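Values in this text are rule-based calculations from the coordinates and carry no lab data. Just so it is clear, the structure is predicted and the values come from calculations on it, not from any experiment. Don't worry about glycine lacking a Cβ; one is built from the backbone with ideal geometry, like all the others, and counts go over all protein chains shown.
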Amino acid sequence: MDCVCNQRKKTRSQEEYKSLLNRLNRMEGQIRGIKNMLENEAYCTDILVQTAAVKAAIDGFSKELLSNHIKTCVKNDLTSGNTETVDELVNTIYKVMK
């Protein structure tokens, strides 16, 4: 995987872009489904189960994005001697794990 990162932007491969977008589209559909459940007066626990599925989908999206970031941007920065990326990565992981 190549990384074209600069000035806080990244050009993603078509494969990475499609994978992340597919995940977002599925989450969007799940959110619409929860909204419909609420509008149709679905039982509380049924809605809660669906919200747990959305949380799991968000976690999956974050894991994939973080993995791609480490394998591309972080790796390339370390190879070029930019060790500040490690501090940024640690701070990001702390925020994600809250």
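Overview of values
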| item | result |
| --- | --- |
| Rounded to 10°, Cα long-axis angle of helix 44-69 versus longest principal axis of the chain | 10 degrees |
| Separation in nanometres of the label points that stand 7 Å from Cα toward Cβ, at Leu38 and Asp87 | 4.1 nm |
| Size of electric dipole in the chain: Cβ of Lys, Arg +1 and of Asp, Glu -1, about Cα centre, debye, nearest 20 | 120 debye |
| Which labelled figure in [x] 7.4; [y] 5.8; [z] 8.3 is mean projected area of the Cα convex hull in nm², once derived from the coordinates | [x] |
| MRE, 222 nm, helices only [DSSP H, n ≥ 4, -39500 (n - 2.57), over the chain, to nearest 500] | -24000 deg cm²/dmol |
| Pairwise label distance in nanometres, Lys63 with Leu48, each label 7 Å out on the Cα-Cβ vector | 2.4 nm |
| Sorted peptide list for 77-86, 60-69, criterion being average Cβ within 10 angstrom, highest first | 60-69, 77-86 |
| Gained length - Val96 relative to Lys18, 0.36 nm times residue gap less alpha-carbon distance | 25.8 nm |
